[in-house]
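Bear in mind that the values in this text are calculations on the coordinates, not laboratory data. Just so we're clear, the structure is a prediction, and the values are computed from it rather than from any experiment. As a convention, Cβ positions derive from the backbone with ideal geometry for all residues, glycine included, and neighbour counts pool all protein chains shown.
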Amino acid sequence: MSFADLRLIPALLRSLADEGYSAPTPIQAQAIPHVLAGRDLLGLAQTGTGKTAAFARPILQNLASRPNAPGTPRKVRALIVSPTRELASQIGESFAAYGRYLGLTHAVVFGGVGIGAQEAALRRGVDILVATPGRLLDHMNKRVARLDAVEMFVLDEADRMLDMGFIPDVKRIVAALPKERQNLFFSATMPKEAAALASTILREPAKVSVQPPATTAEKVDQFVYHLGSNAKRAMLVHLLADPALARVLVFTRTKRGADRVARHLRDYGTIAEVIHSDRSQGAREKALAAFKGGTARVLVATDIAARGIDVDDVTHVINYELPNIPESYVHRIGRTARAGASGAAISLCGPDEREYLRDIEKTIRRIVTVLPVPNLGTLPEVHEPREPRGPRGPKPGRPQQQRPSSQRPQQAAAKPQGGRGPKPEPQRQAPKPQAARTAQPSGPVRRMPGERLSGDSV
């Protein structure tokens, strides 16, 4: 099937050709005809399936076919609500790329940046508005964002909205919309709460699904190492010694954990960026740009901050800490094996995370392949400085370790300085992941992730 078979107008076909797209993905082939026909839509699709284009392209065509009367002010006619800043930005980029020949205008509004420029854009008038819930409510309360003319409403990543506690905000936004409108509801998973929300928004929707709810991408090979929590850092360095792990997303459960992991990797000479909700929008965009551009090999992220990451050619996802919500595992590993590529997900499971793993396996309806832990004894042990607790301060006789790790006395000789100079000899002697090949567990998968990707194209 081609895009022309979906009856897209020439201006859209031209922009798609400019972007190098020749054929629709399955979610696009299923969804676009329903949206063009004006039906409400319930779409179940994981990240990396092309769902943004599945709603952006028909929205553009529908709006272009019903232009505003000459001389009338522009009003918001299509509203797309997304859970994170990064995802909102990427959706806005998609509308700009696909609609470049249509003369429609759009704006993207989210928190963490100045509100003035957003207000100015809304006062001028836009056809399409992409927003996160909190900032949209700010504009609505100031009567800057008027939604009385919305014809098409999209709720994207509905399950993540639920996880982030945005459902009350979403309900307030929906209450301000005209009753007569077209609704599109997208989610990677469909927990009961998300299904209940969909039932209040959608009217006799068409349903499209590229994979059953809560299943993982078929082309993602999944592995787990069972090891002590104090061995995770050494294991991460060991895995990254394999150059086949070319572009890697590392997930932690907490923001402080993400900072510690990124700092640890930099100490061993790996260029790593970190992204979480405590970082400024500018810092998050800079980190994401470095990862997209290949300057940074590793991006360490929390679940919420990573929700909008849309980066091609991620070879591996490493769960440094397993999520306590099984659906988050689905979202995490969906960051690899995108657009038809293959990929691998590696989880480091500590003793206190075994229950999380069991819940994940029940959710995805498969057993994750267990790999033997290689010999990590030759890797230098890393100690994180202890921060003083409360008024007691540090223990007597110990200096306050408040300087950066690269300046700490006595440890400087044992650790490379932020990638400067040669790495310590023990790290170069550490076995690479392929060394565990002889101890593979029985089962359908008998290759280490690094070995498989070293010889295969990704």
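In order along segment 167-179, the Karplus-derived 3J(HN,Hα) couplings, from 6.51 cos²θ - 1.76 cosθ + 1.60 at θ = phi - 60°, round to 4, x, 5, 4, 5, 5, 5, 4, 5, 8, 8, x, 5 Hz, and Gly and Pro are given as x. Per-residue Karplus couplings for segment 56-64, computed as 6.51 cos²θ - 1.76 cosθ + 1.60 with θ equal to phi - 60°, are listed in order as 5, 5, x, 4, 4, 5, 5, 5, 5 Hz, Gly and Pro entered as x. The label-point distance for SER22 and SER65, in a model that sets each label 7 Å from Cα toward Cβ, rounds to 2.8 nm.
For the peptides 89-95, 62-68, 17-23, the ranking by packing is 89-95, 62-68, 17-23, with the highest mean count of neighbouring Cβ atoms within 10 Å listed first. Taking amide H positions as modeled 1.01 Å from N, with prolines and chain starts lacking one, the residues under 5 Å from VAL274 and 5 or more places away or on another chain are VAL300.
Remark on ALA45: its backbone amide H falls under 5 Å from those of SER187, ALA188, a criterion applied only to residues 5 or more positions apart or on other chains, H modelled at 1.01 Å from N.
In order along segment 364-370, the phi-based Karplus estimate (6.51 cos²θ - 1.76 cosθ + 1.60, θ = phi - 60°) of 3J(HN,Hα) comes to 8, 6, 7, 8, 6, 5, 8 Hz; Gly and Pro are listed as x. Electrostatic bookkeeping for LEU177 treats Lys and Arg as +1 and Asp and Glu as -1; over the other residues with beta carbon under 15 Å from its beta carbon, the sum is +3. In segment 4-209, the C-alpha radius of gyration followed by the widest Cα-Cα span (Dmax) gives 15.9, 46 angstrom. Packing around the peptides 111-120, 147-156, taken as the average count of other Cβ atoms within 10 Å per residue, puts them in this order, highest first: 147-156, 111-120.
Compared with the alpha-carbon gap, the fully stretched path from ALA175 to ARG14 is longer by 54.2 nm at 0.36 nm per residue.
Annotation: amide H of GLN222 within the under-5 Å range of ALA345, THR369, sequence separation 5 or more or interchain, hydrogens built in the peptide plane. Highest average first, the peptides 284-293, 358-367, 232-241 ordered by how many other beta carbon atoms sit within 10 Å of their residues are 232-241, 284-293, 358-367. Using the Cβ of VAL109 as centre and a radius below 12 Å, the other residues enclosed give a net charge of +1, where K and R count +1 and D and E count -1.
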